[in-house]
Amino acid sequence: MLTSLVRSLKALKSTLRPAAAAALLGAALLSAGGCHSDAPVTARPEAYDVPWLLTTPALRADTMVGDVRQVYDENNLLHVTVPVRNVTGHNIPLLYKFMFYDRNGAELSTYAGQTVIPPHGLTELNANATSPRAEGDRPFRLEVRYLEPWAPGANVGT
């Protein structure tokens with residue numbers, strides 16, 4: 001990819017001024033190098049930005065997240081359901097964790113689980129708060145990642 005980009009830029013060099021060609025080549029090299037980070041990123045949503053959802057870059061590319069459903073039951077406990085769709089042709093083994101917060105942002109409870117989403121399948125991740133105090137602008141957060149042995153790029157058996 002980088003080789004074809006360099007060839008294309010060299011061809012443009014005859015029509016562009018040398019300084020402009022050098023600037024384009026420099027920008028291409030800087031963007032191609034990139035940095036690798038395992039820090040969580042916001043997941044790719046179906047319809048809108050979802051700041052309550054964190055995932056990895058590989059899983060973001062392999063899944064689509066639907067609209068969250070939040071329901072308070074008769075005991076004022078928050079129940080959350082998040083649909084996650086596999087957009088690949090392979091199974092996706094997931095590890096997920098819900099964290100519930102009060103209106104001040106203090107963590108109240110957590111729930112962790114794991115599941116496998118079949119190729120082009122859909123699953124719903126469910127959890128509920130254990131305290132009626134889960135409320136506010138962001139009463140929960142969901143972290144989703146590949147179950148480690150099956151994560152893209154993981155070295156199994158090493």
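The numbers here are math on the coordinates, done by the rules we state, and not lab data. Quantities reported herein were computed from a predicted structural model and do not represent experimental measurements. Note: ideal-geometry Cβ built from the backbone for every residue, glycine included; neighbour counts use all protein chains shown.
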For the stretch 41-150, what relative contact order do you get, as a whole percent, if you take Cα pairs closer than 8 Å and at least 6 residues apart? 29 percent
Cα-projected label distance for Glu148 with Ala112, points at 7 Å along beta-carbon direction, nm: 1.0 nm
Report, for the stretch 41-150, the % of DSSP beta bridges that are antiparallel, rounded to 5. 90 percent
